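To start, the structure itself, in structure tokens.
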Amino acid sequence: MCDMKGDPLRSMPVQSQALHVPPLEELAEVIATGLKENYKEASCQVVDCPDLSKAPYGLAAPGICGKSRLADVGGVPNLIPLSQYKDKVYELQNISKRIDLPGGLLLGAGAGSKHVVGVNCELIPNIRCTGGGNEKNNLTHIAKVNPQNGDYVLESYEHDHNSSSECCLMANLYASEGKQGKVLEVHAKARKGQKDLVGCMRNALKAHYGQNKPVGLGGTFLVKEGKIKIHVMPDFSENPLETDKDVENWLNFYQVGAPFVCMSTFITEDCGLDLRVEHSHGYSLVNKSGGHYHTDVTPDEIEYVGYYYPAESIYRVDRPAETHMVGRD
């Protein structure tokens, strides 16, 4: 592992494990089968990655290929006790080094920095870090709750918060060199089952490959039509969040419409690393909305188009010493 002088993460434990990486054609077949059980129209095929830096995806690099990996940083257990946001501070630039990919493209979901934003908030990482010949391109956003009216507020780290790349408590990241190449194109329309898009893909792969062949994917998907359910964390609760019901009552839930682009990670197994096995955050520059993706609320109208790539490895950064399963949905 990297151990660079001046890196505030140098004393934090980092574990890594290789993942099973099936051929793209095989993955496409498994995912397509799972999607067709949950959607009236569905497909998954291997395609040349389009330029994802362009609208409607707007990623910080044109592709999602090259030295792919997942990173699970901190974790939900850091919400308890509430004061841990003061100490559990992470920097995406430094994380890219700690997962042996300086200058990488980082996408995913996490908790924004109260030290930067002023309140607890949802982080939507979308950043090409400095290093490896790359210049920083920070398109990361946060979503927070307006305490005056309870509505969501979308802000840019680059323009509203001095180009910060700081997060607190937790982050689930997909990292790559940001190159174009062959990728999985996912399409799903008109939900007929009970699963959300990410859960549907993850369950299909988990059922096919089993416990001994963990498979992880990351990428982006667009809510092209329809509405979805999201949540946005308010500022930290004055009371401990000890049950899933406590967390649900604390969160603010909303319905938001297309277009809405998500940064997404998932893995089929925990790998003995105390992982959050799926996590997707997204935003809409058109509708000025953002938050944690749950599922659609308009099954007849919903339509998704996404691009994913398999991760070669999983990195576990600063795993909590004490853990629980509360609030991981």
Among Y209, A109, L123 the positive-end extreme of the charge dipole of the chain (Cβ point charges) = Y209
inquiry  = Over the chain, what is the relative contact order in percent, taking alpha-carbon pairs closer than 8 angstrom and at least six residues apart?
reply    = 27
query = Given [x] 1.26; [y] 0.91; [z] 1.01 as candidate values of Cα Rg over 2.2 N^0.38 Å, which corresponds to the one derived from the coordinates?
reply = [y]
Distance between modelled label sites at L273 and E135, nm, 7 Å Cα→Cβ extension = 3.3
message = Between F253 and S163, what is 0.36 nm times their sequence separation minus the Cα-Cα distance? Round to one decimal in nm.
response = 29.6 nm
inquiry  = Could you derive backbone 3J(HN,Hα) for segment 171-186 from the dihedral phi with the Karplus parameters 6.51, -1.76 and 1.60 (θ = phi - 60°), listing whole Hz in sequence and x where the residue is Gly or Pro?
reply    = 7, 10, 10, 10, 10, 7, 6, x, 8, 8, x, 6, 9, 8, 9, 10
message = Run the reach check for K88 against lysines, Cα to Cα strictly under 17 Å, same-chain hits fewer than 8 apart removed. What comes back?
response = K114
Sequence of S280, S11 once ranked by neighbouring C-beta atoms within 10 Å, starting from the fewest = S11, S280
task = Could you give me the radius of gyration and the Dmax of segment 92-134, taking only the C-alpha atoms into account and expressing both in angstrom?
result = 11.5, 34
Label-point separation in nm, E238 to N212, each point 7 Å along Cα→Cβ = 5.5
query = Within the set K195/K224; K144/K182; K182/K206; K40/K229, which residue pairs have Cα atoms separated by over 25 Å?
reply = K144/K182
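A short reminder: the numbers here are calculations on the coordinates, not readings from a lab. It should be emphasised that the depicted structure is a prediction, and the values quoted were computed from it without experimental measurement. Because the Cβ atoms are built from the backbone with ideal geometry, glycine has one as well, and the counts that use them run over all protein chains shown.
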